[in-house]
Amino acid sequence: MRDNLAWLGKREKSFWMLLALVTVSLWLFMTIATEVTAGDGYTLDETILLLMRDADNLEDTLGPPWLEQIGQDITALGGNAVLSLISIWVMFFLLLTHKGKLALVVLLATGGALVASLLLKSGFDRPRPDLVAHATLVYTSSFPSGHSMLAASAYLTMGALLAQSQPRKRVKALIIISSVFLTLLIGFSRVYLGVHWPTDVVAGWAAGSVWAVACSFLARHITRLPLEADPH
């Protein structure tokens with residue numbers, strides 16, 4: 001009985017932590033979205049954007065040329081092509097291990113976030129930054145950052161699925177921290193390359209985090225149900 005109560009306590013603690021994350025993320029997204037709709041919030045955006053440029057030449061990013069190349073490599077990890085390839089590989093792996101329902105969760109995390117991002121971009125239609133030169137190509141509007149939103153949704157969801165399968169707490173923590181760190185790096189790279197306002201990135205993180213929490217809850221619910229029978 002005592003063990004059951006201890007497990008319930010951990011479960012409740014996780015629930016309230018995730019609920020707080022969702023609440024803060026939604027509040028943050030709505031606050032930024034309100035400012036974007038009103039046409040406000042550019043002052044801080046411009047200040048941060050300029051900090052990442054050479055003061056003598058705004059065409060150049062801050063730091064040596066190889067740092068800009070690293071930024072382009074990192075930003076590619078949040079692109080549609082890379083995320084699609086990673087998601088497809090993970091889904092095939094889950095299908096081969098007879099966890100087809102979890103494969104659908106990964107599809108929802110990536111595909112659902114992509115559709116939501118495109119709809120939000122179309123609705124807000126915020127112009128891309130024109131204060132500095134873009135260090136990579138862009139095709140859509142600015143708000144929210146699609147790379148940041150998809151990275152948060154896909155990598156955090158897949159990280160949660162992988163961590164859930166690990167019994168050791170240190171391994172779980174390493175996986176989650178790595179997923180969060182990668183998501184943050186991708187978002188920072190978008191601002192560094194001059195293709196997004198900082199508030200675009202923060203809003204993308206917020207929206208993607210909410211989507212990731214929803215997908216993770218769905219995955220936890222699925223894993224408590226009987227999965228496909230393993231013939232071995």
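Assigning unit charges at the beta carbon (Lys, Arg +1; Asp, Glu -1) and nothing else, what dipole magnitude in debye, to the nearest 20, does the chain show about its Cα centre?
On the way: 17 positive and 17 negative charges, 324 e Å.
So the dipole magnitude of the chain works out to roughly 1560 debye.
Could you work out how far apart the two model spin labels at residue 119 and residue 31 are, taking each label as a point 7 Å from the Cα in the direction of the beta carbon, and quote it in nm?
2.5 nm
Can you tell which of 58, 174, 137 shows the greatest fluctuation in a Gaussian network model of the chain with Cα springs below 10 Å?
137
Is it possible to state the helix-based mean residue ellipticity at 222 nm for the chain, with each DSSP H run of 4+ residues giving -39500 (n - 2.57), the sum divided by total residues, to the nearest 500 deg cm²/dmol? What is it?
Calculated at 222 nm, the ellipticity per residue is -24000 deg cm²/dmol.
Compare 152, 206, 33 in a GNM of the chain, Cα atoms joined below 10 Å, and give the one with the largest fluctuation.
Maximum among the listed residues: 33.
Please find, in a Gaussian network model of the chain (springs between Cα atoms separated by less than 10 Å), the residue of 36, 106, 171 whose mean-square fluctuation is greatest.
Between 36, 106, 171, it is 171 that shows the largest mean-square fluctuation.
Which is farthest toward the positive dipole end of the chain among 164, 49, 198, measuring Cα position about the Cα centre, with Cβ charges +1 (Lys, Arg) and -1 (Asp, Glu)?
164
For residue 190, what charge total do you get from the other residues with a beta carbon under 11 Å from its beta carbon, if Lys and Arg give +1 and Asp and Glu give -1?
Summing Lys/Arg as +1 and Asp/Glu as -1 gives 0.
For the ranges 155-166, 94-105, what's the packing order if you count other beta-carbon atoms within 10 Å of each residue, average per peptide, and put the highest first? Intermediate values should be presented prior to the final figure.
Working: 155-166: 20.0, 94-105: 17.4.
Output ranking for 155-166, 94-105: 155-166, 94-105.
Hey, can you grab everything whose amide H is under 5 Å from the amide H of residue 128? Only 5+ residues off in sequence or another chain; H modelled, so Pro and N-termini drop out.
Amide H neighbours of residue 128: 142.
For the residues 205, 27, 197, 66, what sequence is obtained by ranking on other C-beta atoms within 10 Å, fewest first?
66, 27, 205, 197
If we count every other residue with Cβ under 14 angstrom of residue 175's Cβ, Lys/Arg +1 and Asp/Glu -1, where does the sum land?
Net of charged neighbours comes to +4.
What list of ³J(HN,Hα) couplings, whole Hz, do you get for the range 26-37 from phi and the Karplus terms 6.51, -1.76, 1.60, once you set θ to phi - 60° and write x for glycine and proline?
After applying 6.51 cos²θ - 1.76 cosθ + 1.60, I find 5, 4, 5, 5, 5, 5, 5, 4, 5, 5, 5, 5 Hz.
Kirkwood hydrodynamic radius of the range 28-135 from all distinct Cα pairs, in Å? Don't skip to the answer; put the middle values down first.
Details: mean 1/r = 0.0584 Å⁻¹.
For the range 28-135, inverting the mean 1/r across all distinct Cα pairs yields 17.1 Å.
How big is the chain in terms of Cα radius of gyration and Dmax, in angstroms?
Radius of gyration, then largest Cα-Cα span, for the chain: 19.4, 68 Å.
What is the spin-label model distance, in nm, from residue 19 to residue 44 if the labels are put 7 Å beyond Cα along the C-beta direction?
Distance between the two pseudo-spin positions: 2.8 nm.
What is the Cα centroid distance between the range 118-182 and the range 44-98, reported in whole angstrom?
10 Å
Please arrange 221, 196 by how many other C-beta atoms lie within 10 Å of their C-beta, fewest to most.
221, 196
Only the coordinates and a few stated rules stand behind these numbers; no lab work does. Source: prediction; values computed, not measured. So basically every Cβ, Gly included, is an ideal-geometry build from the backbone, and we count neighbours across all protein chains shown.
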